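Some notes on the structure that comes next.
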Amino acid sequence: MYRFLLTPRWWGINLFVLLAVPFCLFMGSWQLSRFEGRLDDHRSAEERAAADHRSVARPLAELLPVDKETSGDRTTVSGRYGEQLLVPDRELDGERGYYVLTLLHTDGGKVLPVVRGWLPGEAGAARVPAPPRGEVTVAGALQASEYPGENGVSARSGLPAGQTAAISAASLVNLVPYDVYDAWVTLDEGDSGMWAVPVSAAPDTGLDLKAFQNLGYTGEWFVFAGFVVFMWFRLFRREVEFVRDTEMGLLAADAAPAAPAPSSDSSYEAGSTPVR
């Protein structure tokens, strides 16, 4: 009954199943490992952020370029505050507000974006405290440049003058005529009565959209593997039913209906003409 499995058609079907199922399982396991890796990175980043908050601040030059290991580390930088920008559409403890971003002109000639704090409500320059004058030394957590549309960063365009959607050298280079560090610092304590901005997780370490995409792809690949097995079983069952019906003569009876029997009182005879 199962000799049909040795036909070329079924050789092709079986080969496809034997290749497709392991491939789907491998891809699903790989996507799951990506999600688990992001989850572990997220936990490590939280633990590191808590430890870094109590660590000794190090010079900025020792922590650049910013990566997963140095993101969130405390640093100390000296310089003079200059231009001030607002970063709208930022939430803190579920309340909408904006960051106050001030450029620190360092002794090396480059400027470092420093988030001095957060204020609630709509972004407005009139409410923002002026930065301290003269030489200052700031201490805070080093952060990697932001990218619009990721990790809650707004992708708005056409903002009013004096505002920026993302804190990054790529965004600020169009707003100020200075060489900007590809990093920024959030102060340990908010300046001039503003709320301190908490440390953000390093890029590709948080439970963001990419992480849950990996989890969704995991489910899709496992579903594909199950679908392949289901379709093979369905085809196999139909083939078995076809063979069984053929052996029992059911298909032959249906396919070849009996011919009508000749009538005993036929009006035709060989060599005769019909009687009218």
Across (1) touching a strand residue (DSSP E or B) at 6+ places or on another chain (Cβ under 6 Å); (2) modelled with pLDDT of 90 or more, residue 199 clears everything bar (2)
Across the range 127-138, the tally of residues that are loosely packed, with under 14 Cβ neighbours inside 10 Å and either more than 38 Å from the chain's Cα centre (by Cα) or farther than 26 Å from residue 96 by Cβ (or both) stands at 5
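Every residue, every condition in (1) at pLDDT below 90; (2) more than 21 Å from residue 118 (Cα to Cα); (3) assigned by TED's automatic domain parsing to the domain that holds residue 180; (4) in a loop (DSSP other than H, G, I, E, B), yes or no:
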{"residue": "29", "(1), (2), (3), (4)": "no, yes, no, no"}
{"residue": "34", "(1), (2), (3), (4)": "yes, yes, no, no"}
{"residue": "39", "(1), (2), (3), (4)": "yes, yes, no, no"}
{"residue": "49", "(1), (2), (3), (4)": "yes, no, no, no"}
{"residue": "66", "(1), (2), (3), (4)": "yes, yes, yes, yes"}
{"residue": "70", "(1), (2), (3), (4)": "yes, yes, yes, yes"}
{"residue": "80", "(1), (2), (3), (4)": "no, no, yes, no"}
{"residue": "96", "(1), (2), (3), (4)": "no, no, yes, no"}
Residue under question is residue 117, and the condition is that it be part of a strand (DSSP E or B), in contact with a His (Cβ under 9 Å, 6 or more places away or on another chain) and assigned by TED's automatic domain parsing to the domain that holds residue 158; does it hold?
no
- Message: Condition check: touching a residue at least 12 places away in the same chain (Cβ under 8 Å) and under 12 Å from residue 84 (Cα atoms). Does residue 120 satisfy that?
- Response: no
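The values are calculated or read from the model by the stated rules, or taken from the named source; none is laboratory data. Bear in mind that the values here come from a model prediction, so they are computed numbers and not experimental data. So basically every Cβ, Gly included, is an ideal-geometry build from the backbone, and we count neighbours across all protein chains shown.
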